[in-house]
1. With every protein chain kept in place and ligands, DNA and RNA left out, what is the accessible area per residue of the chain? Probe 1.4 Å, answer in Å².
2. Applying 1/(1 + (r/R0)^6) with R0 = 30 Å to the Cβ-Cβ distance of Thr131 and Arg221, what FRET efficiency is obtained, to the nearest 0.05?
3. Hey, rough spin-label estimate for Asp274 and Arg47, points 7 angstrom out along Cα→Cβ, what's it come to in nanometres?
4. Would you calculate the convex hull of the Cα atoms in segment 23-117 and tell me its volume per residue in Å³?
5. State the percentage of accessible surface on the chain attributable to carbon and sulfur atoms; use a 1.4 Å probe and exclude ligands, DNA and RNA.
6. Looking at segment 153-231, what % of the alpha carbon pairs are farther apart than 21 Å?
7. Hey, got the dipole for segment 187-227? About the Cα centre, +1 on K and R Cβ, -1 on D and E Cβ, debye to the nearest 20?
8. Pick out, in residue order, every one of the trypsin sites (Lys or Arg not before Pro) in segment 92-161 that is DSSP loop and has at most 16 other C-beta atoms within 10 Å; say none if there are none.
Amino acid sequence: MYRGRFAPSPTGPLHAGSLVAALASWLDARAQRGRWLVRIEDVDGPRCPPGTDEVILGQLAALGLVPDEPPVWQSRRDTHYQAALDRLVAAGDAYGCACTRAEIAAAYERMVGPRPRHGELVYPGTCRAGTHGRPARAWRLRVQGRVDWQDRRLGVQSQDLAAEVGDFVLKRADGLWAYQLAVVVDDAEQGITDVVRGEDLADNTPRQIALQRALSLPTPRYLHTPLVLAADGHKLSKQNGAAAIDLTDPAARLREAAARLGLPPLPDAATPADTLAAAVTAWAAGG
Ligand code: GLU
């Protein structure tokens, strides 16, 4: 049975970009007669203003996007993430890391050369064989080689995790759970068969697949949807001024989001429910 989800981080209200991801995941679940869940990804508490989760759930409800099961909050699932980390450490797949950011940068420069001006630093593996008595600050997954995977829209994808990412963080030095661990534990526990989300997350997928394999969890199917770009050409986000969606005409917002997903123009239905029904038909025809 198909089980999909929309997993917003409640750092701000839904905007035109996040609505596209929400709608795509809802349409795909409905077109495949599956269930659609909402998970509030509030692991990074300091970045989530209080009440934003309820704002998002209210926006979704106004658009007719109502989850089939009660929402799940990641901030309440600490023991599940700790259990997964404990398993990985016991199996030797995760290890404690004592490095500070400055040390990682210095080690990277010694081993690889000048670090990129933008983009992630590949962890050079300093603590792979132990921290030499220094206390662990963060916990990392030991990665190897390349991950090949298939996206329903982007086709065959491949990333050399070891060379391009390195051993990545599961639990941060500030004690917060990393998105990668929380999302993998929760997708598995909620029985998610299909992940439908924005293309900006596609390059996280190999890390999540590596983690699924280390935890012996199934890998869902993936569909990464086109991004909505701001005037500056970057992904639409709160940082470049994405406004909360204006819900005075929810059906119009749904028609706009559907157009961004490449669906043919939908009739000017008055209600969100009619608009969604037309959109499911169009999505099913296109898929
Ligand atoms: N919480 C993530 C975000 O809002 C999405 C996670 C996901 O869909 O896997 O960017």
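The values are calculated or read from the model by the stated rules, or taken from the named source; none is laboratory data. Model, not experiment: these values are computed from the prediction. Here the Cβ is made from the backbone with ideal geometry for all residues, glycine too, and neighbour counts use every protein chain on show. Areas reflect the complete protein model, heavy atoms only, side chains present, ligands, DNA and RNA absent. Shrake-Rupley method; radii C 1.70, N 1.55, O 1.52, S 1.80 Å.
1. Numbers: 13710 Å² over 287 residues.
With all protein chains present, the chain gives 48 Å² per residue.
2. Details: r = 38 Å, r/R0 = 1.28.
Once the sixth-power term is evaluated, E becomes 0.20.
3. It works out to 4.0 nm between the two label points.
4. 217
5. Working: 7290 of 13710 Å².
Carbon plus sulfur share of accessible area: 53 percent.
6. Details: 1015 of 3081 pairs.
It works out to 33 percent of all Cα pairs.
7. That gives segment 187-227 a dipole magnitude of about 140 debye.
8. Passing sites in segment 92-161 are Arg117, Arg128, Arg152, Arg153.
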